[in-house]
1. Within the range 184-224, list the trypsin sites (Lys or Arg not before Pro) lying in a DSSP loop whose Cβ has at most 14 other Cβ atoms in a 10 Å radius.
2. Select from the chain the helices, each a whole stretch of DSSP H, whose alpha-carbon atoms run 18 Å or more along the helix axis and whose Kyte-Doolittle mean is at least 0.5; answer none if there are none.
3. Which FRET efficiency value, to the nearest 0.05, do you get for E243 and Q41 by plugging their Cβ-Cβ distance into 1/(1 + (r/R0)^6) with R0 = 51 Å?
4. Under a Cβ-only charge scheme (Lys and Arg +1, Asp and Glu -1), can you give me the dipole magnitude of the range 116-182 about the Cα centre, in debye to the nearest 20?
5. Rounded, prolate or oblate, given the Cα gyration tensor of the range 60-170, with a/c below 1.5 counting as rounded?
6. Can you sort I160, I134, I54, I225 by how many other beta carbons sit within 10 Å, fewest first?
7. Please work out how much length the chain gains when fully extended from E151 to V208, using 0.36 nm per residue of separation minus the C-alpha to C-alpha distance, in nm with one decimal.
8. For the range 51-127, which GluC sites (Glu not before Pro) pass both filters: DSSP loop (anything but H, G, I, E, B) and at most 12 other C-beta atoms within 10 Å?
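Coordinate-derived values only; no laboratory data. It should be emphasised that the depicted structure is a prediction, and the values quoted were computed from it without experimental measurement. Neighbour counts run over all protein chains shown; Cβ positions are idealised from the backbone, glycine included.
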Amino acid sequence: MLATPLTACLVVVGRHLPQLEWLYVLLSDEEALALHAKLYQRLLALDPESASDILEQNKEKLTQAAMFDDVLLPALRMAERDRHDEVTSPDRAERVHESLDALVKEACRHPSDDTAAEVLCVGASDHADHLSAILAADLLRAQDVPAMASEEALESSKLIQLIAKKKPRLVLVSAVPPVATVQARERARKLAQLFPRLPVVVGVYLDVMPTKARDRLLATGAVGIAESLAEAVEITRKVLSGERAPSSTAA
């Protein structure tokens, strides 16, 4: 008779007292780890097959945008944070990023037609940024916006050549924190200087972007700033249709 009410009391205590949080984890019926954390945990354990299974099992439960914004991008952020903080060894960090590369490409569902691309998605700096650009391009194609991602993380000279060759109507610069904000700002500024008539949208995928960081990004000449892939797609669609980007007025 007392087992159920006592268990319920312990769950409540564990939920509200940080020192006893382990009781909540142990006794509640909620999952101990968020989906993105479970995915990253499997990657750290060098178990990419289990990580792939996590995505497959939740493919029907989540929209593509939710899968990208709530699972893959947070896992990318965790990998970047640990890599820059040197929490993981260089060898393990490289293997985690190789697995993430495969998972990102596996999760993309819409083939690219580079010849008809109106939007060019590029990473701000390193390979994690490049993977976020691949996700952005796939989401845009899902919304019937012709988009392509560069084949690799490009240095400035190669990006300029690609823009001159493809002549996109808009460039989306994608950046994965913690350290990509500065690189995104520099890339957007250079593009605005070299291609003043080419709209640039910047996606820096944070939960909440500080106002000063947003102001600095807008000062580069970017027409819109996004904090998620879904928002980046929305802003891009509005700019292409001639509407004013909502993030341009948010600052």
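1. Those that pass, being in a loop and sparsely packed, are R197.
2. Span-like helices here: 3-16, 127-142.
3. It comes to 0.80.
4. Here the size comes out at about 300 debye.
5. It comes out oblate by the Cα gyration axes.
6. I160, I54, I134, I225
7. The span from E151 to V208 would gain 17.6 nm if fully extended.
8. Working: sites: E56, E60, E80, E86, E94, E98, E106, E118; in loops: E60, E86, E118.
Qualifying residues, ordered by number: E60, E86.
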